[in-house]
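The values are calculated or read from the model by the stated rules, or taken from the named source; none is laboratory data. Quick caveat: nothing in here was measured; it's all calculated off a predicted structure. Heads up, the Cβs are rebuilt from the backbone with ideal geometry, glycines too, and the neighbour counts pull from every protein chain shown. Surface accessibility is based on the protein's heavy atoms, side chains included, excluding ligands, DNA and RNA. Shrake-Rupley method; radii C 1.70, N 1.55, O 1.52, S 1.80 Å.
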4 protein chains.
Amino acid sequence: MKAVVKIRPERGGTELQDVDAPTIKPDEVLVRVQATSICGTDVHIYEWNPWAQRRIGEKRLPQILGHEVAGEVVEVGASVRSIKKGDYISSETHIYDPGDLTSLLGQRHIGEHMQILGVDRDGVFAEYVMVPERVCWVNARSIPPEFASVQEPLGNGVYAVLGEDADVAGKSMVIVGDGPTALFATGVARACGVAKIILVGYSDFNMDIAKKMGADYILDIKKSTMEERHQFILEQTGGYGVDISLEMVGGEVPITEAFTHLRKGGRLTAFGITTEAAVPIDYNNWIVFKGAQIHGINGRKVFDTWYRMRGLLAGGRLDISPVITHVMALEAYEKGFEMLLAEPRLAAKIVLFPDHGELKAAKERLSEKRDMPAAD
Amino acid sequence: MKAVVKIRPERGGTELQDVDAPTIKPDEVLVRVQATSICGTDVHIYEWNPWAQRRIGEKRLPQILGHEVAGEVVEVGASVRSIKKGDYISSETHIYDPGDLTSLLGQRHIGEHMQILGVDRDGVFAEYVMVPERVCWVNARSIPPEFASVQEPLGNGVYAVLGEDADVAGKSMVIVGDGPTALFATGVARACGVAKIILVGYSDFNMDIAKKMGADYILDIKKSTMEERHQFILEQTGGYGVDISLEMVGGEVPITEAFTHLRKGGRLTAFGITTEAAVPIDYNNWIVFKGAQIHGINGRKVFDTWYRMRGLLAGGRLDISPVITHVMALEAYEKGFEMLLAEPRLAAKIVLFPDHGELKAAKERLSEKRDMPAAD
Amino acid sequence: MKAVVKIRPERGGTELQDVDAPTIKPDEVLVRVQATSICGTDVHIYEWNPWAQRRIGEKRLPQILGHEVAGEVVEVGASVRSIKKGDYISSETHIYDPGDLTSLLGQRHIGEHMQILGVDRDGVFAEYVMVPERVCWVNARSIPPEFASVQEPLGNGVYAVLGEDADVAGKSMVIVGDGPTALFATGVARACGVAKIILVGYSDFNMDIAKKMGADYILDIKKSTMEERHQFILEQTGGYGVDISLEMVGGEVPITEAFTHLRKGGRLTAFGITTEAAVPIDYNNWIVFKGAQIHGINGRKVFDTWYRMRGLLAGGRLDISPVITHVMALEAYEKGFEMLLAEPRLAAKIVLFPDHGELKAAKERLSEKRDMPAAD
Amino acid sequence: MKAVVKIRPERGGTELQDVDAPTIKPDEVLVRVQATSICGTDVHIYEWNPWAQRRIGEKRLPQILGHEVAGEVVEVGASVRSIKKGDYISSETHIYDPGDLTSLLGQRHIGEHMQILGVDRDGVFAEYVMVPERVCWVNARSIPPEFASVQEPLGNGVYAVLGEDADVAGKSMVIVGDGPTALFATGVARACGVAKIILVGYSDFNMDIAKKMGADYILDIKKSTMEERHQFILEQTGGYGVDISLEMVGGEVPITEAFTHLRKGGRLTAFGITTEAAVPIDYNNWIVFKGAQIHGINGRKVFDTWYRMRGLLAGGRLDISPVITHVMALEAYEKGFEMLLAEPRLAAKIVLFPDHGELKAAKERLSEKRDMPAAD
């Protein structure tokens, strides 16, 4: 089968190779990949940045890239019972250990003994991929592959917006950040009744998408100071600040921004990853005196988030086509990576298709919804 | 001032009279009524049905009718501090006792020692009304009076949909009933990300409004059996039933329906009032084995529900104009009552205006949004 | 191996037989039974009452009885990964289907496609039992087998007390019922900071145990009317009623009692099973106007409840020895059943031991704690 | 009346003076102080440290100190309705503005426009004090004044332990800190079913009290490294860390400690106040990847915390006498302050009595419970 393999510990260092399809294990299923999308993590591995060098390391190469996927089950292992041949699935990428304490308690997404698809084992940038039954999620057939494939980051957005308690209806929200997950979060917030959505961003390309996803106000950090933005937000919230603040960048400045705009007794989602080992936090004023609730958000609730996401997509509550800026053939993956590395930004989510017929169909579906940037 | 007064213990028995405006008390505010709307409770009092005879009784007459209101504060009592002259307010109708245990614990809407506006004291079908400061809610100025006035029943709909935990995003819901509050609930569910909304109704007039409010499926009890509806709902929910079921009628049959469609581990809102003293409940199968969560919903959370509702209305997330089927002059109240008593239904919510200029403006606003049934 | 087998569809109809030990399946484990206890469900099957006739039926006989167990893993199936030979486990008896929607959403205890140990498959009144890995719970070694064995009904008590949210600290509670699970619930409530515990019972034998388990007040239905008890409870709660009410009997009268004593805005646990097909409920006053939260409680949260229970037992927060009224050899099971069928009550929980040495050790442990009724 | 007045902006700078008793305002009540206790905040004001200089300032002097109180209502203002002459009350010290958004939403303890008793207005170290009706809490008469007086810090402990959701039963907990509130928290955790309580402290005097309050393990920072303590905690928690971590000191080191011991998916209470303007936080590992829930805890829930606390104290679930190390006459306040400023620690909570007869009775009550350190 065709597969995008990281073969050398260097920038790029990948090749489209012909490799053997995986041999089925008893508790796993074999999936024909219909669509797969490029994540920031894949870009890190492509770049072979320090995180990738440390987390993956030279020894595990060669390894197939990728973890976002939608496809059809073509074979199931001997002990598989809930997933059937022909099912249209996506895969949760946090391959939890069922015996982990967190798994036993219903927090499968943050296990101590968890594997990550495409990081700790071969990934999905291929014609076929094998995944354990327990991380398969059956998609509604009404959700097209280019949407089903991006549910892993979309699920991040759903979990980031809803937090631990899903209590958002009628509340106000600041989203600090304009990366793809922030764009998804904007659409989710709009779909779930967040009453006022203020996005703080910097990329003109992405902020334009945020508008389409339903942000009420977009504050461009190139054109205002944090203090000016804070004054604007106080005006918009009766002088109190927002009920919910989403930090989706990582780093001292955006974290400061997210806490600053939060009202007393509000909830802050901590989603962004910082490059600093430690971030200075005004612990007294941001957390204690503010009576803040902070939700650390990693991954997606397995499968609570997936269930809600399926409902939102299949019910037509959420249109994510503005974020799917490009669809391409799997062979064009290098072009995809290079677009995602460009500054200023040229793309949000890029979906790859191993099959050219399915790529064509996806292009047609997206064209119906909007003017899609050229791609292939 | 002009006021609609219940003067005789009989059907109708009301008169538009000239009465003295109330004299301000230290902890109350005087409100110039801009809009007031007719509730089912008002209809009961107009009809002077057994409930009204028992609850209000002949001795308290004469009493001014009405409790749904939006207006402008024109005078404040000596000890009033948070509400100012000129504020544009609506009134919570559950006038809670601040010393009640439930008030102390944040459940102000279900106090043991509570008064109801327009039931236990003079109401709002008048040019002016006096209400305690503690039940005043300041409206956003962008919400027109015909919307601000109906927030009491809309708040019922918000609370019924959100329940105690506001956890609805991406879930499926059955709404049993098609009265005005069920219609509001439909719009709220749609605005707050409920992914599939199935309404069970019987009035053609109201089910038509339900469609406009965002119901995905409307099941007409005149055209199907409960078992047929159950099969349809199982098909729509992967064979499990809905996550959330709203009972908004009251009575053995609709309660049976609401429990029947609920999935194991789901949540049922108990909102409808029954005429029977007791209802037979399949306690084992509907509650225990189902692991159901039942939320008894009475009134609105004070002021959590109001806060969210203001957000949804002011943010343009929720358009309730399809439910406001008629606007009229206060003097035409009898016509309003008779329309609401008609079978089959001819009206959903009717809003009355003491001032003819404000009525005219409301008509114009509503005309812009839709084809409004004739009214005056 | 020795096993207590139901062989004939009649009262009793059981025999201690020598049968083959189960042959291990890939995803199951073989457990040497150290202690097993008799549940009301076992008594129903022993009696062969209408429920047992319908639920189990003649066709499935012969079948080994029992489902409460503690023991040592002596063999694991080929695909078992989290449980090891030598582990000291108890078994969750709700054998969930991992692909069930409720399992996917973290509500494993109420699956649509679930099997019950000792009801839908061979049980634990034997020297060995085979159970799926996924329902094994590893006990702390500091918990003796006679305690570890009764964790299934104790878990009912934990879940009934804690409800869905575990929010009980400093609150007041009525427990309607004095069966073994109500006695466990009393101890759990006391251990978890319920500030006032009032138990409504009728068995002198069991109410005496309730006192030892920490009930503050015990109201004997033989000596007072429901109205008298209600007046007492109002006096004890500042005139409001209790924050939490546990219905642990089933039936119109105890359900009426449980709702009557509940304050507005309180929570009611629906745990008891009724013999009636339907129970008359004062829906308006008990649920809607009361703003009640009702939690249908079936089984135990898998494994949230087990985790907390292990903590409470191993931490010495909860001493359940007063409820373990008898320990016996497995061979004496008939005596145990007959004691549990006696009126008035003579026993609460009876634990059976296949091994005489382990029985002797259990007797010594219990003797240290209290005067244990004679047994075997 | 006698009152302890801060008269000069300097260390000490206080005098026991004869001043006029306050004149009653319409919505306030006059309380005869039976017991009042010394808080860390009072010590800051006594010391006149930089916080006190900034927060209170020279201009507001003279001002009566103190905010922890229990007493009898002797007069009520004209508009007071819920509190009656003769009521035995304590006062919430966060005097909330009822019109504040947080107050309207049920979060009265963290208002933007709030006053603090004894900081923003005259306090309670006096024979009489006037407080607004809305912050009065009626005590159970079975709670003695020396317990009722310390409910303000005890309420901190209750809120810190229970967090926002009161979900603690059967869980494991680390308490970082051994100040009076940490000691109270230890007792609350024990009373509310926390299954394993590990306290990290440094004062021999206070750690001895922590043992009496129910800590299972006490880790002395003078005798172990953080890494050693971490290993111990991992052993105690199956390798995962604790479910709940309470940070009750403030500062980089204890905050690091509290996060380090927390398991993935656990909850951290942020209660301690830091002296640093900002604290370095390992945002990725402590919050995001850990999926941590952080609850900023300030004050007490008004009145949810008070309600639970009354239940725990009146129900005999919680004995706080080990923390009340000293009772003294009000006149001896300087001795009390100096004891609290001593290093190493000599006292935990000190309660002052204006009336010598009431002081004598308190001493007798405490003597019955334990060997009380000499005082007066």
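Residue count for the stretch B:264-277 under the criterion of being more than 15 Å from residue B:163 (Cβ to Cβ) and of a type in the set (D, E, K, R): the result is 2. Tallying residues that are in contact with a Gly (Cβ under 9 Å, 6 or more places away or on another chain) and under 19 Å from residue D:22 (Cα atoms) within the stretch D:73-87 yields 3.
With respect to the conditions (1) more than 16 Å from the chain's Cα centre (by Cα); (2) part of a helix (DSSP H, G or I); (3) of a type in the set (D, E, K, R), residue A:165 lacks only one, and its number is (2).
Here the strands (runs of 3 or more DSSP E) wholly within the stretch A:1-85 that include at least 2 residues being under 23 Å from the mean Cα position of the chain (by Cα) and of a type in the set (A, V, I, L, M) are A:2-6, A:28-37, A:68-76.
For every residue, the table says whether it meets (1) out of contact with any Asp or Glu (no Cβ under 9 Å at 6 or more places or on another chain); (2) open to solvent by 10 Å² or more (accessible area, probe 1.4 Å); (3) β-branched (Val, Ile, Thr).
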site: A:10; (1), (2), (3): yes, yes, no
site: A:13; (1), (2), (3): yes, no, no
site: A:22; (1), (2), (3): no, yes, no
site: A:46; (1), (2), (3): no, no, no
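Taking the stretch C:214-238 as the range and being closer than 16 Å to residue C:203 by Cβ and exposed (fewer than 14 other Cβ atoms within 10 Å of the Cβ) as the test, the residues that pass are C:222, C:223.
Among residues that are assigned by TED's automatic domain parsing to the domain that holds residue D:177, over 16 Å from the mean Cα position of the chain (by Cα) and crowded, with 23+ Cβ neighbours inside 10 Å, residue D:265 is included.
Summed over the stretch C:246-283, the residues that are facing chain B (nearest Cβ under 7 Å) and among the polar types (S, T, N, Q) give a count of 1. The residue of the stretch B:299-325 that is nearest to the other protein chains (Cβ to nearest Cβ), among those that are touching a Gly at 6+ places or on another chain (Cβ under 9 Å) and either closer than 15 Å to residue B:39 by Cα or of a type in the set (Lys, Arg) (or both), is B:308. Apart from one condition, residue D:335 fits all of (1) of a type outside the set (S, T, N, Q); (2) in contact with a Lys or Arg (Cβ under 8 Å, 6 or more places away or on another chain); (3) not in a loop (DSSP other than H, G, I, E, B); the exception is (2). When residue A:328 is tested against the conditions (1) in a strand (DSSP E or B); (2) surrounded by fewer than 24 Cβ atoms within 10 Å (Cβ to Cβ); (3) within 8 Å of another protein chain (Cβ to nearest Cβ), the lone failure is (3). Here is the figure for the stretch D:64-94: residues that are buried (at least 23 other Cβ atoms within 10 Å of the Cβ) and within 30 Å of residue A:238 (Cβ to Cβ) total 4.
Each row is one residue, and each column tells you yes or no for (1) crowded, with 24+ Cβ neighbours inside 10 Å; (2) of a type in the set (S, T, N, Q); (3) in contact (Cβ under 8 Å) with a residue 12 or more places away in the chain.
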position: C:251; (1), (2), (3): no, no, yes
position: C:258; (1), (2), (3): yes, no, yes
position: C:273; (1), (2), (3): no, no, yes
position: C:284; (1), (2), (3): no, yes, no
position: C:292; (1), (2), (3): yes, no, yes
position: C:299; (1), (2), (3): no, no, yes
position: C:302; (1), (2), (3): yes, no, yes
position: C:323; (1), (2), (3): yes, no, yes
position: C:333; (1), (2), (3): no, no, yes
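Residue B:143 meets the stated requirement of being surrounded by 18 or more Cβ atoms within 10 Å (Cβ to Cβ), in the same structural domain as residue B:330 (by TED's automatic domain parsing) and more than 24 Å from residue B:339 (Cα to Cα). Would you call residue C:173 over 13 Å from the mean Cα position of the chain (by Cα), away from every other protein chain (no Cβ under 14 Å) and either within 27 Å of residue C:343 (Cα to Cα) or not in a loop (DSSP other than H, G, I, E, B) (or both)? Here the answer is no, as residue C:173 does not meet what is asked.
Scanning the stretch A:182-210 for residues that are aliphatic (A, V, I, L, M) and more than 14 Å from chain B (Cβ to nearest Cβ) gives A:182, A:183, A:199, A:200, A:207, A:209, A:210. Just the residues that are out of contact with any Lys or Arg (no Cβ under 7 Å at 6 or more places or on another chain) and either over 15 Å from residue D:38 (Cα atoms) or of a type in the set (A, V, I, L, M) (or both), please, taken from the stretch D:144-170. Result: D:148, D:154, D:157, D:160, D:161, D:162, D:164, D:165, D:166, D:167, D:168.
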